[in-house]
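Asks: Handing you a structure now.
The values are calculated or read from the model by the stated rules, or taken from the named source; none is laboratory data. These numbers were taken from a predicted model, which means no experiment stands behind them. Please note: Cβ atoms are built from the backbone with ideal geometry, for glycine as well, and neighbour counts cover all protein chains shown. Side chains included, ligands, DNA and RNA excluded: accessible areas come from the protein's heavy atoms. Shrake-Rupley method; radii C 1.70, N 1.55, O 1.52, S 1.80 Å.
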Amino acid sequence: MFADNDPRLSQLLDHIVRIASGDLASRVEVSPARDELDAIIMGTNLLAEDLQIIYEELEQRVQVRTQMLHEAHLKMQKMAMQDPLTGLANRSALIDALRAALDADPADGEGPVILLMDLDAFKSINDSMGHTAGDQVLVTVGQRIRNAVRSSDVVARLGGDEFAIVMPAVSPDQAAIVGHRILAALSEPIELPGKSVRCGASIGLSVGAPGQTPEEMLMEADVAMYASKAEGQNRLHRFEPGLLLVRRLRSQLVEDLRAAIRNDGLMLYYQPVVDLVTRRLEGVEALVRWNHPTRGFIMPDEFIPLAEEAGLISELGNWVLRTAVQQLRTWIDAGLVDAAFSVRINISATDLQSLQFIEDVRNVLKETGVGPGQVVLELTEVAIVKGNELDRYSLAGLRGLGVGIEIDDFGTGYSSISYLRRLPVDRVKVDRSLISGLGTDPGQPALVSAVLQLVRACGLEAVWEGVETAEQADMLRDLGCLSAQGYFFGRPVPPHEIPALLADQQESAHRQQ
């Protein structure tokens, strides 16, 4: 035992208090006595030493974790302001850069300019070659834009195939020069595995003004960009106030079209397809028309692209499908046509990208009771040739329903024997350009005959479009062509005129017999 007045006791107590208060460096010297009290002192010293080691390790871990959290926070901040695919700025970073440029004092009276651009052919690349190829195109486009601008300019990808460039303190003319430099860079081919593609762009230019917000500048650039698209591919257009009126009219037209689709404000006209030998009406092509309440008749070449841009093309196509097949049912019930009579319906490439479309066709056939062989779906040659695996799956599914598949605009630049032989189609509609010289060009009959033999060699039949004279009709018949369509046989007419047309065709056929 040790004495109560041993000074080591007070040292030990003081030592314990220091440790408890966090002074882990505190130590008490062990006396030469090496008694029980010294053993306690030694144990307390060892405890303080262990606690100190633990504390230092913990402090080091805290420092490491704090650094990791700081780096993660910086990375998250960077990710929040960066497009993950291209490494360019994203929309949030662009807005911040545009706001800073608008708030800055203009140098020599020059404010900021924004260039907004949209790729002209990206969707077809993505659809035909897949998203991996599409991503590579976007990365390459981003690099080319970055190389074409100043280091002080902010290049951003806003999503999809839309890019923007904020140019602080620059004149509109200088910005336009940069824009045209970007267009030139993008006109060069992009090399992908096994293929080379080109992808131009449409650019809108907006000049900042005092008091403007970033959102207003972006809106103006967007309006100018759509004006570029309307002028053709690979163009640059500067924003003008008058374009806002055009934008409002276009927006209103989109709303009018949406209402027309949903409220039966459209109508179908039908153009005859004729058997060249008997001159019997073997079917009709359904063609959509829009009689706008204030603008009068608007032709499809104006409102169909509008429907595609506004995402209404599938809704429009479904309306055409249902209306045309129901009309055919009406003619069948009235005894006007037989089971050999067919209706041809144009469908879009967008329809093939939706598996729901197969179900829509199945449901319409079931609801109307029309035989699937009496419905022929027409797709443009470009849409079929450039289609992807989903398109081919959809075509096979439609063929499985028993409906006919016809290539429209055949011979407009993509024709090849190899794709004709492997596509799940029944017939082709030969473009009017291939018979335009029939009757005037001595070499045209040989070309028509060669095309006919090509089509038949692939196990298909042809419908010849654009017949305008009796001479053309007779020459096609003499060459062995079976079916034709054109103004000579009849222009597109509303459904109530078809019965009279059928009667006239039957009378004409009887006279020929």
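Asks: Taking the stretch 424-441 only, how many residues are at negative phi, assigned to a loop (DSSP other than H, G, I, E, B) and open to solvent by 20 Å² or more (accessible area, probe 1.4 Å)?
Replies: Of the residues in the stretch 424-441, the ones at negative phi are 424-438, 440-441.
With assigned to a loop (DSSP other than H, G, I, E, B) added as a condition, the list becomes 424-426, 431, 435-438, 440-441.
From what's left, open to solvent by 20 Å² or more (accessible area, probe 1.4 Å): 424, 426, 431, 436, 440-441.
So the count comes out to 6.
Asks: Can you tell me which residues in the stretch 330-380 are free of Cβ contacts under 8 Å to residues at least 24 places away in the same chain and among the basic types (Lys, Arg)?
Replies: Lys366 - this is the single residue of the stretch 330-380 that is free of Cβ contacts under 8 Å to residues at least 24 places away in the same chain and among the basic types (Lys, Arg).
Asks: Could you go through the stretch 345-367 and let me know if any residue there is within 26 Å of Arg491 (Cα to Cα), more than 24 Å from the chain's Cα centre (by Cα) and of a type outside the set (S, T, N, Q).
Replies: Checked against the condition, which is being within 26 Å of Arg491 (Cα to Cα), more than 24 Å from the chain's Cα centre (by Cα) and of a type outside the set (S, T, N, Q), the stretch 345-367 yields no hits at all.
Asks: Additional query: Residue under question is Gln453, and the condition is that it be surrounded by 14 or more Cβ atoms within 10 Å (Cβ to Cβ) and either modelled with pLDDT of 90 or more or over 32 Å from the mean Cα position of the chain (by Cα) (or both); does it hold? Steps first, answer last, please.
Replies: Working: surrounded by 14 or more Cβ atoms within 10 Å (Cβ to Cβ): no; either modelled with pLDDT of 90 or more or over 32 Å from the mean Cα position of the chain (by Cα) (or both): yes.
For Gln453, the condition - surrounded by 14 or more Cβ atoms within 10 Å (Cβ to Cβ) and either modelled with pLDDT of 90 or more or over 32 Å from the mean Cα position of the chain (by Cα) (or both) - is not met.
Asks: Under the condition of being assigned to a loop (DSSP other than H, G, I, E, B) and of a type in the set (A, V, I, L, M), which residue from the stretch 1-58 is most open to solvent (accessible area, probe 1.4 Å)?
Replies: First, the residues of the stretch 1-58 that are assigned to a loop (DSSP other than H, G, I, E, B): 1-6, 21-35.
Now narrow it down to the ones that are of a type in the set (A, V, I, L, M): 1, 3, 24-25, 28, 30, 33.
On the way: Met1: 197, Ala3: 52, Leu24: 29, Ala25: 66, Val28: 16, Val30: 44, Ala33: 66 Å².
Top of the filtered list is Met1.
Asks: Going through the stretch 343-360 one residue at a time, which ones are among the polar types (S, T, N, Q) and modelled with pLDDT of 95 or more? If you could, list the steps in order and put the result at the bottom.
Replies: Our first condition is that a residue be among the polar types (S, T, N, Q); within the stretch 343-360, this holds for 346, 348, 350, 353-354, 356.
Once the filter is applied, which keeps residues that are among the polar types (S, T, N, Q) and modelled with pLDDT of 95 or more, the stretch 343-360 yields nothing.
Asks: Right, next: Have a look at Ser206, Ser202 and point out the one that is assigned to a strand (DSSP E or B), under 15 Å from Ile95 (Cα atoms) and among the small types (Gly, Ala, Ser).
Replies: On the way: Ser202 fails: under 15 Å from Ile95 (Cα atoms).
Result of the check over Ser206, Ser202: Ser206.
Asks: Moving on to the next point. Quick check: anything in the stretch 320-327 among the charged types (D, E, K, R) and open to solvent by less than 10 Å² (accessible area, probe 1.4 Å)?
Replies: For the stretch 320-327, residues among the charged types (D, E, K, R) and open to solvent by less than 10 Å² (accessible area, probe 1.4 Å): absent.
Residue by residue, here is whether (1) open to solvent by 40 Å² or more (accessible area, probe 1.4 Å); (2) at pLDDT 90 or above; (3) not aliphatic (A, V, I, L, M) holds:
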| position | (1), (2), (3) |
| --- | --- |
| Glu216 | yes, yes, yes |
| Ala224 | no, yes, no |
| Ala227 | no, no, no |
| Leu236 | no, yes, no |
| Pro241 | yes, no, yes |
| Arg248 | yes, no, yes |
| Ala259 | yes, yes, no |
| Leu266 | no, yes, no |
| Val274 | no, yes, no |
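Asks: Now a separate question. Could you check the stretch 465-492 and list, in sequence order, the residues that are crowded, with 19+ Cβ neighbours inside 10 Å and among the charged types (D, E, K, R)?
Replies: Glu465
Asks: With the stretch 235-295 as the region, which strands (runs of 3 or more DSSP E) entirely inside it contain at least 1 residues that are under 23 Å from Gly317 (Cβ atoms) and without any contact (Cβ under 8 Å) to a residue 60 or more places away in the chain?
Replies: Details: elements: 235-238, 266-275, 281-292.
Ranges flagged: 266-275, 281-292.
Asks: Now a separate question. Any idea which of Val320, Val284, Val273 is β-branched (Val, Ile, Thr), in contact with a Gly (Cβ under 6 Å, 6 or more places away or on another chain) and closer than 21 Å to His496 by Cβ? Break it down stepwise before answering.
Replies: Values: Val320 fails: in contact with a Gly (Cβ under 6 Å, 6 or more places away or on another chain); Val284 fails: in contact with a Gly (Cβ under 6 Å, 6 or more places away or on another chain).
From the options Val320, Val284, Val273, the qualifying one is Val273.
Asks: Would you call Leu205 in contact (Cβ under 8 Å) with a residue 12 or more places away in the chain, open to solvent by less than 20 Å² (accessible area, probe 1.4 Å) and within 20 Å of the chain's Cα centre (by Cα)? Explain how you work it out, then say what you get.
Replies: Working: in contact (Cβ under 8 Å) with a residue 12 or more places away in the chain: yes; open to solvent by less than 20 Å² (accessible area, probe 1.4 Å): yes; within 20 Å of the chain's Cα centre (by Cα): no.
When the stated conditions are applied, Leu205 does not pass them.
Asks: Would you mention how many residues in the stretch 144-184 are open to solvent by 50 Å² or more (accessible area, probe 1.4 Å), charged (D, E, K, R) and part of a loop (DSSP other than H, G, I, E, B)? Break it down into steps so the answer makes sense when it comes.
Replies: The first filter runs over the stretch 144-184 and keeps only residues open to solvent by 50 Å² or more (accessible area, probe 1.4 Å), leaving 144, 146-147, 150-152, 173-174, 177, 180-181, 184.
Restricting the remaining residues to those that are charged (D, E, K, R) gives 144, 146, 150, 173, 181.
Next, only the ones that are part of a loop (DSSP other than H, G, I, E, B) stay: 150.
The qualifying residues number 1.
Asks: Could you tell me whether any residue of the stretch 109-124 is in a loop (DSSP other than H, G, I, E, B), over 18 Å from the mean Cα position of the chain (by Cα) and buried (at least 21 other Cβ atoms within 10 Å of the Cβ)?
Replies: Step one: list which residues in the stretch 109-124 are in a loop (DSSP other than H, G, I, E, B), which gives 109, 111-112, 120-121.
Next, from what is left, pick out any that are over 18 Å from the mean Cα position of the chain (by Cα): 109, 111-112.
Filter again for buried (at least 21 other Cβ atoms within 10 Å of the Cβ), leaving 111-112.
Taking every residue of the stretch 109-124 in turn, at least one turns out to be in a loop (DSSP other than H, G, I, E, B), over 18 Å from the mean Cα position of the chain (by Cα) and buried (at least 21 other Cβ atoms within 10 Å of the Cβ).
Asks: Tell me which residues, restricted to the stretch 185-199, are in a strand (DSSP E or B) and closer than 17 Å to Ser124 by Cβ. Full working, then the answer.
Replies: Let us first name the residues in the stretch 185-199 that are in a strand (DSSP E or B), namely 190-192, 195-197.
Of everything in the stretch 185-199, those that are in a strand (DSSP E or B) and closer than 17 Å to Ser124 by Cβ turn out to be Ile190, Leu192, Lys195, Ser196, Val197.
Asks: I want to confirm something. Restricting to the stretch 343-362 and keeping residues that are touching a Ser or Thr at 6+ places or on another chain (Cβ under 9 Å) and of a type in the set (Val, Ile, Thr), which single residue is nearest to Leu281 (Cα to Cα)?
Replies: We begin by selecting, within the stretch 343-362, every residue touching a Ser or Thr at 6+ places or on another chain (Cβ under 9 Å); these are 346, 348-358, 360.
Still in the running and of a type in the set (Val, Ile, Thr): 350, 358.
Values: Thr350: 31, Ile358: 28 Å.
The extreme case among them is Ile358.
Asks: What is the one condition in (1) open to solvent by less than 30 Å² (accessible area, probe 1.4 Å); (2) in a loop (DSSP other than H, G, I, E, B); (3) in contact (Cβ under 8 Å) with a residue 12 or more places away in the chain that Ala462 does not satisfy?
Replies: Against the list (1) open to solvent by less than 30 Å² (accessible area, probe 1.4 Å); (2) in a loop (DSSP other than H, G, I, E, B); (3) in contact (Cβ under 8 Å) with a residue 12 or more places away in the chain, Ala462 comes up short only on (2).
Asks: Right, another one. Please indicate, with yes or no, whether at least one residue in the stretch 314-327 is within 25 Å of Leu398 (Cβ to Cβ) and charged (D, E, K, R). If you could, list the steps in order and put the result at the bottom.
Replies: Filtering the stretch 314-327 for residues within 25 Å of Leu398 (Cβ to Cβ) gives 314-327.
After this cut, where a residue has to be charged (D, E, K, R) as well, the list is 315, 322.
Scanning the stretch 314-327 turns up at least one residue that is within 25 Å of Leu398 (Cβ to Cβ) and charged (D, E, K, R).
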